[in-house]
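What follows is one structure encoded as structure tokens, with my remarks underneath.
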């Protein structure tokens, strides 16, 4: 069964990879082409200084890169119209939209949101998995270790604060059952992915 150690060296040099409930084995065997697209895009990603200096607004440049490159391969942003039916009475229960969706894989990019966004993403994964819509969820975020690099790169400490999205906040939520039975694969961006292009 494939695991973290079987991923390409380039990926392991740029990301801290967290594999929950055999997500790598599922993605690499059941969805090999889609998983290869994720690997390709992430291997080409670099966190440029000009991107973090610019800030994000609605969506940061780094998130746009990942979304855009996956979009070229047919990945789409998608919301799902779900509902609960009780004694014939319908109750809409729409999901939050997923950043990138293709072939029963949901991928979220959480670069610098407040950490409750992780709860939303994991709950979404749980619901979509229970409804047999996805086989696994993927989250791309930053490692907690990247904090030091970003603070040293000139952004204020509050911009990348302790209450924002990074791996130290995410892993306990996954282990604590936030995604239910859904397999989850996390790619935490390491300092090695940062490029000072000033």
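The values are calculated or read from the model by the stated rules, or taken from the named source; none is laboratory data. A quick note: this is a predicted structure, and the numbers were derived from the prediction, not measured. All Cβ positions, glycine included, derive from the backbone under ideal geometry; neighbour counts span all protein chains shown.
Taking the criterion of being in contact with a helix residue (DSSP H, G or I) (Cβ under 6 Å, 6 or more places away or on another chain) and farther than 22 Å from residue 36 by Cα, the residues of region 123-144 that qualify are 143, 144. Considering region 54-67, and only residues there that are exposed (fewer than 15 other Cβ atoms within 10 Å of the Cβ) and in a loop (DSSP other than H, G, I, E, B), the residue that is modelled with the highest pLDDT turns out to be 59.
Just checking, does region 68-88 include any residue being in a helix (DSSP H, G or I), under 27 Å from residue 2 (Cβ atoms) and touching a helix residue (DSSP H, G or I) at 6+ places or on another chain (Cβ under 8 Å)? Explain how you work it out, then say what you get.
Filtering region 68-88 for residues in a helix (DSSP H, G or I) gives 68-71.
Cutting the leftovers down to under 27 Å from residue 2 (Cβ atoms) gives us 69-71.
Within this subset, residues satisfying the condition of being touching a helix residue (DSSP H, G or I) at 6+ places or on another chain (Cβ under 8 Å) are 69-70.
Within region 68-88, one or more residues are in a helix (DSSP H, G or I), under 27 Å from residue 2 (Cβ atoms) and touching a helix residue (DSSP H, G or I) at 6+ places or on another chain (Cβ under 8 Å).
So is residue 181 modelled with pLDDT of 95 or more and either in a loop (DSSP other than H, G, I, E, B) or buried (at least 16 other Cβ atoms within 10 Å of the Cβ) (or both) or not? Judged against the criteria, residue 181 is a match. In region 110-149, what residues are in contact with a strand residue (DSSP E or B) (Cβ under 9 Å, 6 or more places away or on another chain), farther than 13 Å from residue 183 by Cβ and assigned to a loop (DSSP other than H, G, I, E, B)? Residues satisfying the conditions are 110, 111, 112, 113, 115, 133, 143, 144, 145. The single condition among (1) assigned to a helix (DSSP H, G or I); (2) in contact with a helix residue (DSSP H, G or I) (Cβ under 6 Å, 6 or more places away or on another chain); (3) touching a residue at least 24 places away in the same chain (Cβ under 8 Å); (4) surrounded by 12 or more Cβ atoms within 10 Å (Cβ to Cβ) that residue 51 does not meet is (3).
Return a yes/no flag: does region 96-107 have any residue that is modelled with pLDDT under 85 and within 16 Å of residue 134 (Cα to Cα).
Step one: list which residues in region 96-107 are modelled with pLDDT under 85, which gives 96.
Of the ones still in play, those that are also within 16 Å of residue 134 (Cα to Cα) are 96.
Within region 96-107, one or more residues are modelled with pLDDT under 85 and within 16 Å of residue 134 (Cα to Cα).
Is it fair to say residue 107 is within 19 Å of residue 167 (Cβ to Cβ) and either outside any helix (DSSP H, G or I) or touching a residue at least 24 places away in the same chain (Cβ under 8 Å) (or both)? Yes. With respect to the conditions (1) touching a helix residue (DSSP H, G or I) at 6+ places or on another chain (Cβ under 9 Å); (2) at pLDDT 90 or above; (3) closer than 21 Å to residue 15 by Cα; (4) assigned to a helix (DSSP H, G or I), residue 171 falls short on a single one, namely (1).
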